[in-house]
Amino acid sequence: MGRHILIISPGDVGRYMSAPGIRAFHMAQVLAQRLPQDHITLAAPRVDVQVPGFPARVSALSYTAEPLLPAAQEADIIIANFLPVRLIPLVREKLLVVDLFAQYFAEWMELTLHEHQGLGRHLSWLERRAYIALQLALADMVMCSNERQRQSYIGALASMGLRKPVVVALHGIRPDPPVKRRAVLKGVRPGIAPTDKVLIWNGGTTDWYDPDSFLLALHTIAQRRGDVKAVFLGATYPNVPRLGWGKRFRSALEAAHQLGLYGATVFFQFGWVPYDEVPDYLLEAEAGVCTYMYHLETYYSLRTRFMDLFWAGLPIICTRGDFLADLIEREGLGIAVPPGNHKALAEAILRLLDDDSLRSRMRQNIQRVRERFSWEKTLEPLIQFCRNVSLPKRPRNRRVLLRALPWAVNYLATRSLREMLRGEEVWVLHRVRRVATRLGRLLEGERP
Amino acid sequence: MRVVLFVGPWWGLEGDRAGWAKALTSELMAYAQVEIGRDGKDVLGKVVISPALNLRLALGARRTVLDTRLWEPGWLTDASRDRRAWRDLQLCLAHHVLCRGPGERDYIIGALFALGLITPQLYRRDPLLASYVLTAEEGPSALQGSLRGPSPWQWRHRLPLLLRKGALALLISGHQR
């Protein structure tokens, strides 16, 4: 008899997907293909089964419309980017794989610094740290996306007195070859001529990105020639509207206006480009560009947007410091420049655009390297885990929950304090009230 | 420049570990007065310096550099409760941590995050933690630069954790006795 595997994504799965949704979508595809005996359910805030490539064998659950609990109760293995707190009691009977594909301590520290001030900042950090630690404490296996992240999660687990398998499951590339269905930029978009050279910034602009260096480089180039254009694809992340339309993105917009680039050299695609339309843009571009600040978030990151660029065979110009930038330099897949150096960036852009043979060499190198990044290969540790692991025959020892208890208390306390401080409704009290209301109805003989 | 103390019982060490300690100490001697814990009994033959001495030195406004290369192999990753308690305490008391290479640095940064030793204040000042967690590959010159700069952390941020970890370490040690 097949086992039930539940994949929980915090991001939508459908035409509009960002990294968490894309990862969950391909995970469902690969698991459905490689584990034909098992029942796979993909749960996300919204799931659109009409999205091309959605596997027929996978059941979809939109948890903004339907309850998640029954599906979680039925599951034998739960794979979640973050397990919702209300499902924690279930881990005594289930196996949990936590898919931490970023170094969330560093990433959320960056978010905390940008989003909060004073005491709120401190509380927000304590809450986020406890939440990540809670996930680590609950997991039976932790997935991450590069060796740097793996070492840091092993260190975090060791300091919590835990030893658990931590495996690297890189973000993969799409299985089908990229196909251009229609012209979207060159000769179509006002301001971009068919002979122009287009640079793509594919993905949002969160606080740790550095679009200003890119804009300054474009300004330098625009003074010499007018055929280099840049397109920012995507602003607001699907179902996380506050992410993307932040300080950094607004300052980029402002800088583009101030430098006189807006609408002439630099173009912004507001909103989010549908997943199946992304190739139309990528295949019209000469190169992909992404610049970011150099800090711990960058050092540990895996820029998932680069995977689409590899898939489309586009050379990449990026900032040095992260795992993929090292790979890009080492394997000749593009050019990595020092952080915050717009002059070096401008030179790199011109070098790449003017040297056709260099671009063609890079494309060949990408062709060679991208073989390693198929989802089937990158998710092999997960497939092996799901295939070989023995399921708990009866509810596991209470110790599973006890080791997570301090972190759960820590998380709920700091969250409640933060909510009170901001004058928001306290989530814990809301849940308690809800349970009490249901109990009251039950006692009165009504159906819940 | 205040006195720098290297935490580590290197006079009880042999081979590579003793070599590292001596080389680093002599390099640092060139620019700062290096003082070795006077209470030799507290450190001789132990993997870590006694917390009491460590605390006394740290409270005395001295910077402590924890050189994890001096630890026995496997000590860093040992998940047993007593080892972990002492290790956490050592990490809590260190102003700077010096480790073997990038892999070990990643490991230590993960541990520091989980322990709560990396605060928004600390991260804001040093977003790469370049002056807090250093690798031996960067050499003593990197450490010298870090020691000249402001201390990576302040007591008020670390005191609650230190009290908790200190009490835990003492309890475990008392229980074992």
So A:R403 passes all but one of these: (1) in contact with a Lys or Arg (Cβ under 9 Å, 6 or more places away or on another chain); (2) touching a residue at least 24 places away in the same chain (Cβ under 8 Å); (3) not small (G, A, S). Which condition number does it fail?
(1)
Quick check on region B:110-119. Is at least one of its residues farther than 20 Å from A:L136 by Cβ and either buried (at least 21 other Cβ atoms within 10 Å of the Cβ) or facing chain A (nearest Cβ under 10 Å) (or both)?
no
Within region B:93-109, take every residue that is surrounded by 24 or more Cβ atoms within 10 Å (Cβ to Cβ) and modelled with pLDDT of 85 or more and give me the one that is farthest from the other protein chains (Cβ to nearest Cβ).
B:V97
Which of the numbered conditions does B:Y132 fail, given that it passes all the others? Conditions: (1) crowded, with 20+ Cβ neighbours inside 10 Å; (2) modelled with pLDDT under 75; (3) within 12 Å of chain A (Cβ to nearest Cβ).
(2)
Can you tell me which of A:Q29, A:Q73, A:Q37, A:Q50 is assigned by TED's automatic domain parsing to the domain that holds A:V389, touching a residue at least 60 places away in the same chain (Cβ under 8 Å) and of a type outside the set (F, W, Y)?
A:Q29
Conditions (1) of a type outside the set (S, T, N, Q); (2) within 30 Å of A:V91 (Cβ to Cβ); (3) in contact (Cβ under 8 Å) with a residue 24 or more places away in the chain -> A:F323 fails only (2)
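Could you look through region B:120-129, keep only residues that are part of a loop (DSSP other than H, G, I, E, B) and over 15 Å from the mean Cα position of the chain (by Cα), and pick out the one that is farthest from the other protein chains (Cβ to nearest Cβ)?
Within region B:120-129, the first condition is being part of a loop (DSSP other than H, G, I, E, B), and the residues that meet it are B:126-129.
Filter once more, so that each one left must be over 15 Å from the mean Cα position of the chain (by Cα): B:126-128.
On the way: B:D126: 9, B:P127: 3, B:L128: 6 Å.
Looking at residues that are part of a loop (DSSP other than H, G, I, E, B) and over 15 Å from the mean Cα position of the chain (by Cα), I get B:D126.
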Could you grab me the full set of residues in region A:390-428 that are of a type in the set (A, V, I, L, M) and assigned to a helix (DSSP H, G or I)?
A:V400, A:L401, A:L402, A:L405, A:A408, A:V409, A:L412, A:A413, A:L417, A:M420, A:L421, A:V428
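Residue-wise test of (1) touching a helix residue (DSSP H, G or I) at 6+ places or on another chain (Cβ under 8 Å); (2) assigned to a helix (DSSP H, G or I); (3) assigned by TED's automatic domain parsing to the domain that holds A:N397.
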| site | (1), (2), (3) |
| --- | --- |
| A:L134 | yes, yes, yes |
| A:A137 | yes, yes, yes |
| A:Q151 | yes, yes, yes |
| A:G155 | yes, yes, yes |
| A:V167 | yes, no, yes |
| A:P178 | yes, no, no |
| A:P190 | no, no, no |
Just to be sure I understand, how many residues within region A:107-152 are under 30 Å from A:A325 (Cβ atoms), facing chain B (nearest Cβ under 10 Å) and among the aliphatic types (A, V, I, L, M)?
5
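I'd like the residue in region A:27-57 that is on the phi < 0 side of the Ramachandran plot and touching a His at 6+ places or on another chain (Cβ under 9 Å) and, out of all such residues, is surrounded by the fewest Cβ atoms within 10 Å (Cβ to Cβ).
Of the residues in region A:27-57, the ones on the phi < 0 side of the Ramachandran plot are A:27-52, A:54-57.
Adding the requirement that they be touching a His at 6+ places or on another chain (Cβ under 9 Å) leaves A:38-41, A:57.
Values: A:D38: 18, A:H39: 18, A:I40: 26, A:T41: 21, A:R57: 14.
The selected residue is A:R57.
Looking only at residues in region A:88-100 that are outside any strand (DSSP E or B) and surrounded by 21 or more Cβ atoms within 10 Å (Cβ to Cβ), which one is farthest from the other protein chains (Cβ to nearest Cβ)?
Of region A:88-100, the ones outside any strand (DSSP E or B) are A:88-94, A:100.
When the remaining residues are screened for being surrounded by 21 or more Cβ atoms within 10 Å (Cβ to Cβ), the result is A:91, A:94, A:100.
Numbers: A:V91: 19, A:K94: 24, A:L100: 11 Å.
The residue in question is A:K94.
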Across region A:111-126, the tally of residues that are crowded, with 22+ Cβ neighbours inside 10 Å and within 23 Å of the chain's Cα centre (by Cα) stands at 3
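The values are calculated or read from the model by the stated rules, or taken from the named source; none is laboratory data. Remember, predicted model here, so these are calculated numbers, not experimental data. Virtual Cβ from ideal backbone geometry, glycine too; neighbours counted across all protein chains shown.
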